[in-house]
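The values are calculated or read from the model by the stated rules, or taken from the named source; none is laboratory data. All values reported here derive from a predicted model rather than from experimental measurement. Because the Cβ atoms are built from the backbone with ideal geometry, glycine has one as well, and the counts that use them run over all protein chains shown. Quick note on the areas: whole protein, heavy atoms, side chains included, nothing else; ligands and nucleic acids left out. Shrake-Rupley method; radii C 1.70, N 1.55, O 1.52, S 1.80 Å.
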Amino acid sequence: MTDTRSVSGDPISIRIISAEDTLPLRRSVLRPHLSHDECRHDGDTDDDTRHFGAFRSGDLVAVASVFRQPLPGTATADAWRLRGMAVQQDARSLGTGDRLLRTIITHVDSHGCNLLWCYARTSAVGFYERRLFVKNSDEFDFDHVGPVVLMCRRDGNIVTDQA
């Protein structure tokens, strides 16, 4: 899967990458206080898991992973979880994260599922809301990350039930 378009004059390509390829950005952007190995996620090597990278001028500038995982607190087994979305500081506000997320939404849709969820850092809530995710929980602290909210996107429709 390759999606190559120009963002601010720089060609960006979105490609499937390995779990190992995600670790440097996961660590530097999301969890600098953890070791390289502590930035691995359960499920990174599952058959259905996919890792995507955004490349600009040949350099990996953003990563995100998507896992089959039920929405917490529900019996909704057919759901995907977005995890480890990290965009290098100099690649932000250029549409890189948006392109990466659209690729993931297309991937989830192609598997016949319309529910994508994540734990969004409170600083990223606006980014997800602009892409039709809705808050599905109150703010809480999560797994060495800090304050997050559970957010869901259901095929462009709002998910209103609290998890």
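Looking at THR45, is it more than 25 Å from GLY146 (Cβ to Cβ), surrounded by fewer than 17 Cβ atoms within 10 Å (Cβ to Cβ) and not aliphatic (A, V, I, L, M)? In short, yes. Only residues that are polar (S, T, N, Q), in contact with an Asp or Glu (Cβ under 8 Å, 6 or more places away or on another chain) and crowded, with 20+ Cβ neighbours inside 10 Å were counted in segment 49-97, giving 1. I'm checking my understanding of the structure. Among residues of segment 103-123 that are in contact (Cβ under 8 Å) with a residue 12 or more places away in the chain and under 27 Å from GLY58 (Cβ atoms), which one is surrounded by the fewest Cβ atoms within 10 Å (Cβ to Cβ)? Per the stated criteria, the residue is HIS107.
Would you confirm, using the coordinates I've provided, whether VAL63 is of a type in the set (A, V, I, L, M, F, W, C), in contact (Cβ under 8 Å) with a residue 12 or more places away in the chain and more than 18 Å from ALA19 (Cβ to Cβ)?
No, not satisfied.
Taken together, the criteria exclude ASP138 from residues that are in contact with a Ser or Thr (Cβ under 9 Å, 6 or more places away or on another chain), modelled with pLDDT under 90, part of a loop (DSSP other than H, G, I, E, B) and open to solvent by 50 Å² or more (accessible area, probe 1.4 Å).
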